[in-house]
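A.B. asks: I am attaching a structure below and will ask some questions about it afterwards.
The values are calculated or read from the model by the stated rules, or taken from the named source; none is laboratory data. Owing to the predicted nature of the structure, the values given are computational and were not obtained by experimental measurement. Note that each Cβ is placed from the backbone with ideal geometry, even for glycine, and that neighbours are counted across all protein chains shown.
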Amino acid sequence: MITNEFREKCWKALAIIQESQHIVLAGHRNPDGDAIGSTLGFYNALYENEGKEALVYSGDSVPTSFDFLAGYSLFAHTIDWYPDCFIGFDYGDFERLNVPDDVLYGARIVSFDHHPQRRQYGDVCIIETQVASTTELLYYFMKEVGWHISARVAQCLLTGIITDTGAFAHNSFESTFHATGDLMQCGASISHIQQRIMDKQSQQRILNLWGSLLAKAHRDDEYNFLALFISFSEFQSYDIELDQLAGIVSVLNRSADVDFAILVVEYDKGIVKGSLRGEETKGVVVSRIAQQLGGGGHPYAAGFSLQMPFESARARILEAIQQCQNAAY
C-alpha cells in the first residue's frame, strides 16, 4: 500500500496541518472503535509531534467503553468557531460527519478513510481500502511523515484495528499484523483494550443478553439470510450502549446455512442503524445492499443509517435486500 501517490498525499496533508492554527478533528456519527481511535490517536500525535491543539468533535455521544483512551474527555458536540483545517476520519460519506456546512467555510479539508471511494471530500483525501481500519492507515501515515508514536497514540490506533477486525477475525491483511506488532512495541496492549471494551463485570450480562437476542433472529428462506431487528422500546429495555450489540451480526453470519446476516437497531426514536456481514465464499456482496440504503462499507462488512419509523425502515430494508438479490441472479 506504500505507493508514491500515498507518500505524496501524506506530505501534502502534513503541509496543510503545519500551516494551520485552528484544527477540528471528527469521525463519523454513531462512532465506533475505529472512528474514536482515529480521532484520539491523531489528536495525541498532533500535539506530541507538532505542538498543536485541536478540537475533537463528535456529532453523537461517544460510548463510555472507550473512556480509557487518552483524550476521551475532550470530545465536544458543538463547533463554536471557524477552523482553518478540518480533518475527517473513517466516514465513507461526508454527511456522516454531522458537521454543519457553514462551520467549514474557508477551511482546508483532509480526509483519512479505509472505505471505498464514494463521497469522501477534501483538499487531500488519503483513502486506502487494503487496510483493516482507518487507524491502520494513520499508523502508516505517521510512519511516513516521521511522527513518533507514543504508547497513548499506539493504544488508540490498535483499538481501531481490534474493533474493526473483530479481534482479527475478518478484514485483516499482512500489513495489519505488521502494524499491530509495531504498535505493541510502542506500548499498546491487546489484552488491556479487550478488557476495557468489555469489562469483566458486564461481560456475563452482555453474553446473556446476546443469547436471548440470537434466539429472536429470523431466517428468511427465500433470500437465505438471518436478520435481527431491535425496536427502540426493546433497545431501551436492555439498558446497554449501541456498540455492545455490534458483534452480534458477526455471530449470526457464522451460520453455515445462510449467505449473510443483518442487524438492525432503532437506537433512538425513528433513527435506525443497520450492520451487514457476509463472506467471500458465500458470494453475497453486502455493501451493495448498504448502498441501496444510503450507506456503504466493505464488500462483506457494511452498514447504513435510516431516519424513519421502525416498521417503515424494516420494509425499506427488506425491499433493498430483495432488489439486490434478484439483480444478482
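A.B. asks: Among the residues of the range 60-106, what is the count of those that are in contact with a Gly (Cβ under 7 Å, 6 or more places away or on another chain) and either outside the structural domain of Lys9 (by TED's automatic domain parsing) or on the phi > 0 side of the Ramachandran plot (or both)?
C.D. replies: 3
A.B. asks: Within the range 230-257, how many residues turn out to be closer than 19 Å to His170 by Cβ, hydroxyl-bearing (Ser, Thr, Tyr) and crowded, with 16+ Cβ neighbours inside 10 Å?
C.D. replies: 1
A.B. asks: Within the bounds of the range 113-135, is there any residue that is assigned to a loop (DSSP other than H, G, I, E, B) and aliphatic (A, V, I, L, M)?
C.D. replies: Scanning the range 113-135 turns up at least one residue that is assigned to a loop (DSSP other than H, G, I, E, B) and aliphatic (A, V, I, L, M).
A.B. asks: With the condition kept exactly as written, say whether any residue in the range 152-161 is assigned to a helix (DSSP H, G or I) and more than 18 Å from the chain's Cα centre (by Cα).
C.D. replies: Yes, there is a match, as at least one residue in the range 152-161 is assigned to a helix (DSSP H, G or I) and more than 18 Å from the chain's Cα centre (by Cα).
A.B. asks: Asp239 - would you say it is within 28 Å of Gln307 (Cβ to Cβ), modelled with pLDDT under 90 and charged (D, E, K, R)?
C.D. replies: Yes, satisfied.
A.B. asks: Right, here's the next one. Is it fair to say Tyr223 is within 30 Å of Arg152 (Cβ to Cβ), at pLDDT 85 or above and among the aromatic types (Phe, Trp, Tyr)?
C.D. replies: no
A.B. asks: Right, something else. Kindly indicate the residue of the range 92-112 that is among the aliphatic types (A, V, I, L, M) and assigned to a loop (DSSP other than H, G, I, E, B) and also farthest from Ile162 (Cα to Cα) among those meeting that condition.
C.D. replies: Checking each candidate, the answer is Ala107.
A.B. asks: If you scan the range 165-205, which residues turn out to be at pLDDT below 90, assigned to a helix (DSSP H, G or I), buried (at least 16 other Cβ atoms within 10 Å of the Cβ) and not basic (Lys, Arg)?
C.D. replies: Thr165, Ile197
A.B. asks: Now for a different question. Can you give me the number of residues within the range 265-301 that are part of a strand (DSSP E or B), β-branched (Val, Ile, Thr) and either more than 22 Å from Phe94 (Cα to Cα) or without any contact (Cβ under 8 Å) to a residue 12 or more places away in the chain (or both)?
C.D. replies: 1
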